[in-house]
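Presented below is the structure to which this report refers.
The values are calculated or read from the model by the stated rules, or taken from the named source; none is laboratory data. Since the structure is predicted, the reported quantities are computational estimates derived from the model, not experimental observations. For neighbour counting, all protein chains shown are included, and Cβ atoms are generated from backbone atoms with ideal geometry for every residue, glycine included. Surface accessibility is based on the protein's heavy atoms, side chains included, excluding ligands, DNA and RNA. Shrake-Rupley method; radii C 1.70, N 1.55, O 1.52, S 1.80 Å.
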Amino acid sequence: IIPANIPNAFAGGLSLKNAYIGVTTGLIEILDEPEIEGVLAHEMSHIIQRDILVSTVSVYLMSAAIVLGTILYRISRYNMIYGGRNGSRDSSDNENSAETLALMALAGMVLSYVIRFVAQIINLAISRKREYIADANAVRLCGYSEGIADALEKIQSHSREYSKEQVDDLGGDEMLGLYIFNPKHWILPLFSTHPPIEERIRILRNMY
């Protein structure tokens, strides 16, 4: 139980053996029993589907790709600065070598930023998709959709935006993506960790 008055919940742990669900005191205060059941079922789905593990692995893989691009850039830059000081090549060879190393350094830098951008988009897409799946599984676990739908509606209406103090109470910006509701809005949905909550509620209310 997280001592915070913001209604929210999240799942953690990389395996079934060490998994856990965190709920805030604010969530317990405003939701009734069927709604809390819906939230817990949603978070249980994240655990059963190994969503935390999948997200962690995807972050590691993306970080490795970013590091490789950065290494290429740094090696090329180092050779461009110091490589020309050795050897007995003539000036034309040195100029060609310098141009090649400069292009490699530029390619490495661009690749590093492109990989970082694409990796972030992929990770966010995975996160949004798994929120829909967790909502659907919550309905299957509970046998009805109104619990989780009403819970999301109440959670959203309580705080459509979080202050810096509220974000800190929930563990900071890095943690918001793990919670059942992330109020941080982006101009493009492509950059959001969660699908629009209105869309989630609409889909849930059209289920059995």
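Using a 1.4 Å probe on the protein chains only, how many percent of the accessible area of region 1-41 belongs to carbon and sulfur? The partial results should precede the final answer.
Values: 1190 of 2000 Å².
Looking at region 1-41 in its full context, I get 60 percent from C and S.
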Requested in this report: Run through all the Cα pairs of region 136-177 and give the fraction in each 5 Å bin from 0, expressed as whole percent.
Outcome: 5, 20, 18, 18, 16, 16, 7, 1
Report summary line: So residue 206 and residue 53, fully extended at 0.36 nm per residue minus their Cα-Cα distance, gain in nm 52.1 nm
Report summary line: So, for the Cα atoms of region 1-59, Rg and Dmax in Å stand at 12.2, 36
Requested in this report: Give, in whole angstrom and from largest to smallest, the semi-axes √(5λ) of the equivalent ellipsoid of region 108-154, with λ running over the eigenvalues of the Cα gyration tensor.
Outcome: 36, 10, 4
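Tell me, what is the FRET efficiency for residue 71 and residue 20 to the nearest 0.05, using R0 = 41 angstrom and their Cβ-Cβ distance as r?
Working: r = 36 Å, r/R0 = 0.89.
The value I calculate is 0.65.
Just to verify a number: FRET efficiency for residue 33 and residue 125, C-beta to C-beta distance, R0 = 41 Å, to 0.05?
Working: r = 34 Å, r/R0 = 0.83.
According to the calculation, E is roughly 0.75.
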Query raised in the report: Around residue 2, which amide H atoms from residues at least 5 apart in sequence, or from another chain, sit under 5 Å from its own amide H, with H modelled in the peptide plane?
Result: 23, 24, 25
